[in-house]
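First comes the structure, then the notes that go with it.
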Amino acid sequence: MRAASLVVDASVALKWYLLDEPDRQAAVELFRAWEESRLDFVAPAFWPLEVVNGIRKAAARKDRPLDPATAREHVAAFLAMGIAPVDVTR
């Protein structure tokens, strides 16, 4: 059983994959807590779309060292996490 739940948004998830994001270490610590089942993530329904689009946009930028193959790997890893988004409109 996980100890607590945390609402995460795309800005947090993108820090897991984009190495030059500010405050990345804090986001990585949250990810580690999730991996170790010390924390559960709750996310809005549109969250996966925002994260995938953020990774895609990062790969398209010429000033960011993220090649398309790595971007695809990041998207696959993110989607494999299996975090079910919740409907926040209810």
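Things to note:
- Scanning the stretch 35-58 for residues that are assigned to a helix (DSSP H, G or I), hydrophobic (A, V, I, L, M, F, W, C) and open to solvent by 30 Å² or more (accessible area, probe 1.4 Å) turns up Leu49, Val52.
- The set of residues in the stretch 1-33 that are of a type in the set (A, V, I, L, M, F, W, C) and not in a helix (DSSP H, G or I) comprises Met1, Ala3, Ala4, Leu6, Val7, Val8, Leu18, Leu19.
- Within the stretch 77-88, the set of residues being farther than 15 Å from Val8 by Cα and either open to solvent by less than 60 Å² (accessible area, probe 1.4 Å) or in contact (Cβ under 8 Å) with a residue 12 or more places away in the chain (or both) comprises just one member, Ala77.
- Residue tally, condition touching a helix residue (DSSP H, G or I) at 6+ places or on another chain (Cβ under 9 Å) and under 17 Å from Phe78 (Cβ atoms), over the stretch 1-27: 15
- Among the residues of the stretch 59-76, those that are modelled with pLDDT of 90 or more and either among the acidic types (Asp, Glu) or surrounded by 13 or more Cβ atoms within 10 Å (Cβ to Cβ) (or both) comprise Ala59, Thr70, Ala71, Arg72, Glu73, His74, Val75.
- For the stretch 4-34, filtered to residues that are of a type outside the set (Asp, Glu), modelled with pLDDT under 95 and open to solvent by 70 Å² or more (accessible area, probe 1.4 Å), the residue that is nearest to Ala69 (Cα to Cα) is Leu19.
The values are calculated or read from the model by the stated rules, or taken from the named source; none is laboratory data. Quantities reported herein were computed from a predicted structural model and do not represent experimental measurements. Positions of Cβ are generated from backbone atoms using ideal geometry, with glycine treated the same way; all protein chains shown enter the neighbour counts. Just so you know, the surface numbers come from the protein's heavy atoms only, side chains and all, with ligands and any DNA or RNA stripped out. Shrake-Rupley method; radii C 1.70, N 1.55, O 1.52, S 1.80 Å.
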